[in-house]
Structure formats: C-alpha cells, structure tokens
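Working notes, beginning with the structure itself.
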Amino acid sequence: MSCIRGTYVKLTTMFLIKDDFWQIKKTKERGYGVFARKEIKAGTIIGDYLGKVIKTAQYDLDRDKKGLFLMYFTDQASIYPNLKKPGIHLLNHSCTPNCWIYTYYLHTLFFALRKIIPGEELTISYLLSPKDESCNPCTHTCKCSSKFCTGTMHLSRDKYERWQKFQNNQKKKTKKPKAVFGKNLPKLASYPKIIPNNPIYAQISNN
Ligand SMILES: [Zn+2]
C-alpha cells in the first residue's frame, strides 16, 4: 500500500465504488480494514479482485504462510493483488460478513450483501476449505467478534461443499476470459448493476 504519513493514497484500485465511499483504517486486532464512509446499498458491487495472473503451482506459499491474498482464478491460475495499493484484498474476514463474492467471467467481485452504514467495516467470508493436516499450525483464527463467530476462517465440510457446488453452477453462466500468465488481469468492460441476494449466502455464513 502506498502509505504517506499513515494515510493511504487512492491510486487506481480494485474498488468499483467511488473513492468517497470507502476508507482504509487500522483495526484493533486484524491489521488494516476497509470502512464505509457513506451508505452502501445492498447489492452494490464493491470491487473486482484484480492483480497479477500467476501459476498457482509456482506460488511460494511458504513465503506467504497465510496465503490469504491469493485468489482462485482457474484450476491452474490465481490472482495476486498489488499489496502496495489499497484494494478489496484488505477486506477482513467475518463469520457474519456484510459483503459476499460473486463470480462473473471468472472475475471475483465483492458486493454488499445488505445495506452498509457509514462507519461500518466491510467484511467478507474468506470461504477457506475445511481445516486439514496441511494447515498446521493453523494461522486462520477468526477474531471477527461476531456473536456467531466460529473462531476459525475455515468452513465446515458441509458448508464448503455446498458453496463449491453453487460456485460451479455460477461459473458456467459466464464465459472464461483468456488468462495471460504474468500479466495483470484487466478490468472488465462492464459489470452487473446490482447483485441479487441468494439464500445460499446466509446458509454458508452465519448471517
Ligand atoms: Zn469469526
């Protein structure tokens, strides 16, 4: 992130809401977070998860133990954001998030699940696969402080499978864009105006 005297410079970013709708602030326990400065209507697209298209197999997970910035793109490719710029990768995980993921031409869009009021932190579920031996010691403890916090960012097997099934159907609705390894994923020419809610989002999260 471009950080000048503690404030972030809003360069071209992944955000698709206007600059005066959001700000980056430090949270108590979870590093930086994204906060609403104005009311954001339900269904509003917050941003597109953009970054460099990299080969997932070649990504050095050991150097980035949490690996939380790596976004799935295709079975071979992932998106890695520019960590020097503010972006939607800074949304923290919550067990009762107010934003959700919508896959569109394989781009991962974040949208408002409900109305978000000024001052509220924008949160998303990281939808991590169920905890297994590969995640040991697990660094994905959740500190979202929601009433329904599960204490972990990992989903249960049941929820994870339901989400994968839904996602796979969702992906079939739009065509795959061409991914060029090593290049930045460009913004789409257009985005949906509003993302409709779906009961599955509440079923997967603890909303
Ligand atoms: Zn939690």
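The values are calculated or read from the model by the stated rules, or taken from the named source; none is laboratory data. Because the structure is a prediction, the values reported are computed rather than measured. Note: ideal-geometry Cβ built from the backbone for every residue, glycine included; neighbour counts use all protein chains shown. All accessible areas refer to the heavy atoms of the entire protein, side chains included, with ligands and DNA or RNA removed. Shrake-Rupley method; radii C 1.70, N 1.55, O 1.52, S 1.80 Å.
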Fill in the blank from the handout: Pseudo-spin-label distance T27 to S146, built 7 Å along Cα→Cβ, given in nm, is 1.1
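Could the peptides 34-47, 140-153 be put in order, highest first, of the mean number of other beta-carbon atoms found within 10 Å of their residues?
Answer by packing, highest mean first, reads 34-47, 140-153.
Could you work out what % of the accessible surface of the chain is carbon and sulfur, using a 1.4 angstrom probe and leaving DNA, RNA and ligands out of the count?
Numbers: 6230 of 12000 Å².
Solvent-exposed carbon and sulfur of the chain make up 52 percent of the total.
Under the Kirkwood approximation for Rh and a Cα-based Rg, what ratio Rg/Rh is obtained for the chain?
Details: Rg = 16.3 Å, Rh = 17.6 Å.
Computed over Cα atoms, the ratio is 0.93.
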Exercise for the section: Let me know the shape class of the stretch 37-129, please: from the alpha-carbon gyration tensor, a ≥ b ≥ c as square roots of the eigenvalues, rounded when a/c is under 1.5, otherwise prolate if a/b is greater than b/c, or oblate. Expected result: prolate
Practice task
Give me the number: length gained by fully extending K183 to Q170, i.e. 0.36 nm times residue separation minus the C-alpha to C-alpha distance, one decimal in nm.
Solution key: 2.2 nm
Exercise for the section: With a point put 7 Å past each Cα toward its Cβ, work out how far Q76 is from C138 in nm, to one decimal. Expected result: 3.3
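With respect to the cross-link table entries K18/K193; K28/K52; K26/K52; K41/K183; K41/K85; K52/K187, which display a Cα-Cα separation exceeding 21 Å?
Values: K18/K193 14 Å; K28/K52 30 Å; K26/K52 26 Å; K41/K183 33 Å; K41/K85 25 Å; K52/K187 12 Å.
Distance filter (> 21 Å) returns K28/K52; K26/K52; K41/K183; K41/K85.
If you place +1 on the Cβ of every Lys and Arg and -1 on the Cβ of every Asp and Glu, how big does the dipole about the Cα centre of the stretch 70-172 come out, in debye to the nearest 20? Let's see the in-between values first.
Working: 13 positive and 7 negative charges, 55 e Å.
For this selection, approximately 260 debye.
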Practice task
Extending each Cα 7 Å along its Cβ direction at K55 and K115, get the distance between those two points in nm, one decimal.
Solution key: 5.0
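Can you tell me, using C-alpha contacts under 8 Å and at least 6 residues apart, the relative contact order of the chain as a whole percent? Don't skip to the answer; put the middle values down first.
Working: 388 pairs, mean separation 51.7, N = 207.
After rounding, I find 25 percent.
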Handout entry: Gap separating the Cα centres of the stretch 151-176 and the stretch 112-126, nearest whole Å
Key = 20
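Of the GluC sites (Glu not before Pro) in the stretch 119-207, which ones lie in a loop per DSSP and count no more than 10 other C-beta atoms within 10 Å? Numbers along the way, then the final one.
Details: sites: E120, E121, E133, E161; in loops: E120, E133.
Within the stretch 119-207, the qualifying GluC sites (Glu not before Pro) (loop, at most 10 other Cβ atoms within 10 Å) are E133.
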Problem - Shape of the stretch 76-146, Cα gyration tensor, a/c cut at 1.5 - result: oblate
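Just to confirm, what accessible area per residue do you get for the chain at 1.4 Å probe, in whole Å²?
On the way: 12000 Å² over 207 residues.
Ligands and nucleic acids excluded, the figure is 58 Å² per residue.
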